[in-house]
Amino acid sequence: MCTNGRRDVCCAVVGRPVAAGLAEEFGEAVWESTHLGGHRFAPTGLLLPSGYAYGGLDVERGRVLLGSEGVVVQGCRGRSTWSAPGQVAELAVRESVGVVGSGELVVRSVVAGGGGWSVEVGHVDGRVWRVAVAERELGVRPASCGAAPTPVVAHVVTGIR
């Protein structure tokens, strides 16, 4: 769990209680860490060794993640291995076909062009998907606790073949 209050107070204010609550149940499997990125999604966590990042965590959602045998798509911000367009594409394929295992999908390529990205996602069984990803403005919200609202831009999937 990110609990770094120097980078963003949200992480300390909301992350520390979640980390403490999970540590009561899961002990040394729960660590407090410095900046993980995405503090507007605080509290944020990173599952190791898979490298999947999650936002908007609470103790119950953390309990689900720590007890899961695979990747939980809800609240997942992506796998730290992939670029931002790759993360969005991989999660979209995962959700679309119901893939659970963290090692089943691989982002094979990310090619920029035409105002977005074409991402190739492969399954270990040989299936391949091409995913179109674009940036979209998703409205206005604060980037952190107490900050003024600013426009939010996110990567979104516009198609899967």
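The values are calculated or read from the model by the stated rules, or taken from the named source; none is laboratory data. Just so we're clear, the structure is a prediction, and the values are computed from it rather than from any experiment. Note that we place each Cβ from the backbone using ideal geometry, even for glycine, and neighbour counts take in every protein chain shown. All accessible areas refer to the heavy atoms of the entire protein, side chains included, with ligands and DNA or RNA removed. Shrake-Rupley method; radii C 1.70, N 1.55, O 1.52, S 1.80 Å.
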Name the residue from Val107, Tyr52, Val157 whose Cα lies farthest towards the positive end of the charge dipole of the chain, charges +1 on Cβ of Lys and Arg and -1 on Cβ of Asp and Glu.
Val157
Region 144-161 - phi-based ³J(HN,Hα) in whole Hz, Karplus 6.51/-1.76/1.60, Gly and Pro as x:
6, 4, x, 7, 5, x, 9, x, 10, 10, 9, 7, 9, 7, 10, x, 10, 10
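Can you tell me how much longer the chain between Asp125 and Glu137 gets when fully stretched, taken as 0.36 nm per residue apart minus their C-alpha distance, in nm with one decimal? Write out the running numbers ahead of the final one.
On the way: separation 12, 0.36 × 12 = 4.32 nm, distance 3.55 nm.
That pair, Asp125 and Glu137, stretches by 0.8 nm at full extension.
Please label the shape of region 1-53 as rounded, prolate or oblate, based on the square roots a ≥ b ≥ c of the eigenvalues of the alpha-carbon gyration tensor (a/c under 1.5 means rounded; beyond that, a/b larger than b/c means prolate, else oblate). Walk me through the numbers on the way to the answer.
On the way: a/c = 2.17, a/b = 1.26, b/c = 1.72.
Oblate.
How much accessible area per residue does the chain have, counting only protein heavy atoms and a probe of 1.4 Å, in square angstrom?
On the way: 8620 Å² over 161 residues.
The answer is 54 Å² per residue.
Net charge near Val100, counting Lys/Arg +1 and Asp/Glu -1 over other residues with Cβ under 10 Å of its Cβ? If you can, show how the numbers build up before the last one.
Working: positive: Arg94; negative: Glu69, Glu104.
Net charge around Val100: -1.
Defining a contact as two alpha carbons under 8 Å apart and six or more residues distant in sequence, what relative contact order in percent does region 57-103 show? Don't skip to the answer; put the middle values down first.
Working: 25 pairs, mean separation 17.3, N = 47.
After rounding, I find 37 percent.
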Counting sequence-distant residues (5 or more places) and residues on other chains, those with an amide H built under 5 Å from that of Ser102 are Val71
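Hey, what did region 42-158 get for relative contact order, percent, Cα under 8 Å, at least 6 apart?
Working: 199 pairs, mean separation 19.4, N = 117.
RCO, region 42-158: 17 percent.
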For Val128, what is the net charge nearby, where nearby means another residue's Cβ is under 11 Å from its Cβ and Lys, Arg count +1, Asp, Glu -1?
+2
Starting from 0.36 nm per residue, how many nanometres of slack lie between Glu24 and Ser50 once their C-alpha separation is accounted for?
7.1 nm
Per residue, how big is the convex hull around the C-alpha atoms of the chain? Give it to me in cubic angstrom, could you?
112
For region 59-65, just list the computed ³J(HN,Hα) in residue order, Karplus coefficients 6.51, -1.76 and 1.60, θ = phi - 60°, integers in Hz, with x standing in for Gly and Pro.
4, 5, 5, x, 4, 4, 5
In degrees, nearest 10, range 0 to 90: what is the angle between the Cα axis of helix 9-26 and the longest Cα principal axis of the chain?
90
